[in-house]
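Taking it in order: structure first as structure tokens, then the write-up.
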Amino acid sequence: MFTKSSNKPESNSEDQNIQEDGMTLLSHLIELRRRLLICAGALIILFFMSIPVAPYVYGFLMEPLNEVLKDRQNARMIFTGLPEQFLTEIKIAFFLALSICVPILLVQIWKFLAPGLYKNEKRAFLPFLIATPLLFVIGAALVYYFILPMAWKFFIGFEMPATLDTLAIELEPKVNEYLSLVLLLMFAFGIGFQLPVLLILLAKVGIVSSDSLVDKRRYAIVGVFIFSAVITPPDVVSQIGLAIPLIILYEVSIFSAKILEKNKNTKE
């Protein structure tokens with residue numbers, strides 16, 4: 001009897017802990033769903049708001065090519081499918097809405113994680129949320145103002161005038177293909193510029209150190225060039241234009257990791 005009576009409180013305590021854990025998990029899932037619904041709602045609203053702006057955004061993206069072809073009389077862009085121009089503008093509206101929605105997504109992530117973080121963890125995590133979109137914008141701007149003009153000149157250099165035995169080879173870029181190429185380059189550079197965020201975060205949690213980053217520098221450089229060759233179009237301009245900034249950012253990550261380690265040793 002004593003054994004049975006003494007076991008009851010333990011059983012009730014275990015059941016209560018299980019129920020509390022279940023309620024905690026359920027409340028977290030409800031909160032996560034609420035944050036995701038906010039992001040999805042914002043994306044849908046921004047998408048419909050971006051549709052009227054899409055032609056102007058496409059004109060902005062077309063400006064580097066227009067600058068290269070400004071001296072050509074019959075320069076034009078074409079579309080070969082009836083819905084191609086319409087679908088291109090829809091694609092632009094979606095990516096524009098997605099770009100504007102990224103800060104909203106990061107804010108919702110922060111609001112979801114912040115209640116469970118200590119003050120020092122908040123101070124450590126917040127800069128990464130700010131640096132992520134900032135570095136992405138810097139990478140996209142580098143593409144637009146530096147890489148695109150050089151790449152378009154490189155590609156246009158393959159045009160050939162007509163001769164007695166051959167036909168002329170002239171550039172007539174398609175609307176959809178041009179947009180896909182520009183977005184691919186911007187996305188590739190934006191993702192590549194997240195390298196210091198990833199490495200500094202790994203250094204902060206102790207997975208990597210500044211010494212290990214220095215030791216793996218040769219492999220990192222080879223990996224950067226492989227990444228650049230895979231994710232960018234097959235031209236030397238785009239590949240080198242992405243590889244060199246990534247190597248510089250890798251060196252910045254080593255320097256930042258050394259500062260983190262120095263501050264940690266000082267605190268200890």
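Brief remarks follow.
Table: residues versus (1) surrounded by fewer than 14 Cβ atoms within 10 Å (Cβ to Cβ); (2) modelled with pLDDT under 80.
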{"site": "A114", "(1), (2)": "yes, yes"}
{"site": "E121", "(1), (2)": "yes, yes"}
{"site": "T132", "(1), (2)": "no, no"}
{"site": "L135", "(1), (2)": "no, no"}
{"site": "K153", "(1), (2)": "yes, no"}
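- Look at the stretch 37-55: where a residue is in contact (Cβ under 8 Å) with a residue 12 or more places away in the chain and a partner is β-branched (V, I, T) and surrounded by 15 or more Cβ atoms within 10 Å (Cβ to Cβ), sitting 6+ places away or on another chain with Cβ atoms under 7 Å, you get C39/I104; A42/I104; L46/I100; A54/I92.
- Positions within the stretch 167-208 being touching a strand residue (DSSP E or B) at 6+ places or on another chain (Cβ under 8 Å) and touching a residue at least 24 places away in the same chain (Cβ under 8 Å), in sequence order: E172, P173, K174, V175
- All conditions in (1) closer than 30 Å to P83 by Cα; (2) outside any helix (DSSP H, G or I); (3) out of contact with any strand residue (DSSP E or B) (no Cβ under 7 Å at 6 or more places or on another chain) hold for L164, with the sole exception of (1).
- In the stretch 218-241, of all residues being in contact (Cβ under 8 Å) with a residue 60 or more places away in the chain and either crowded, with 19+ Cβ neighbours inside 10 Å or of a type in the set (A, V, I, L, M, F, W, C) (or both), the one that is farthest from A140 (Cα to Cα) corresponds to V236.
- Filtered residues of the stretch 95-120 (kept if free of Cβ contacts under 8 Å to residues at least 60 places away in the same chain and closer than 13 Å to Y58 by Cβ): L96
Residues are listed down the side, and each one gets a yes or a no for (1) closer than 23 Å to G190 by Cα; (2) in contact with a Phe, Trp or Tyr (Cβ under 6 Å, 6 or more places away or on another chain); (3) not in a helix (DSSP H, G or I):
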residue: A42; (1), (2), (3): yes, no, no
residue: S50; (1), (2), (3): yes, no, no
residue: R72; (1), (2), (3): no, no, yes
residue: K111; (1), (2), (3): no, no, no
residue: P127; (1), (2), (3): yes, no, no
residue: V143; (1), (2), (3): yes, yes, no
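- Qualifying residue in the stretch 257-266 (condition: in contact (Cβ under 8 Å) with a residue 40 or more places away in the chain, within 23 Å of the chain's Cα centre (by Cα) and assigned by TED's automatic domain parsing to the domain that holds F158): yes
- V107 at negative phi and touching a Pro at 6+ places or on another chain (Cβ under 6 Å): no
- In the stretch 158-213, the residues that are within 30 Å of I92 (Cα to Cα), over 23 Å from the mean Cα position of the chain (by Cα) and among the hydrophobic types (A, V, I, L, M, F, W, C): F158, I169, L171, V175
- Of the residues examined, P55 is one that is farther than 30 Å from L129 by Cα and at pLDDT 80 or above.
- Residue check, F189 more than 30 Å from K70 (Cα to Cα), surrounded by 14 or more Cβ atoms within 10 Å (Cβ to Cβ) and at pLDDT 85 or above: no
- K91 vs. criteria outside any helix (DSSP H, G or I), of a type in the set (K, R) and closer than 30 Å to P173 by Cβ: no
The values are calculated or read from the model by the stated rules, or taken from the named source; none is laboratory data. Bear in mind the structure is a predicted one, so any value in this text is a computation, not a measurement. Heads up, the Cβs are rebuilt from the backbone with ideal geometry, glycines too, and the neighbour counts pull from every protein chain shown.
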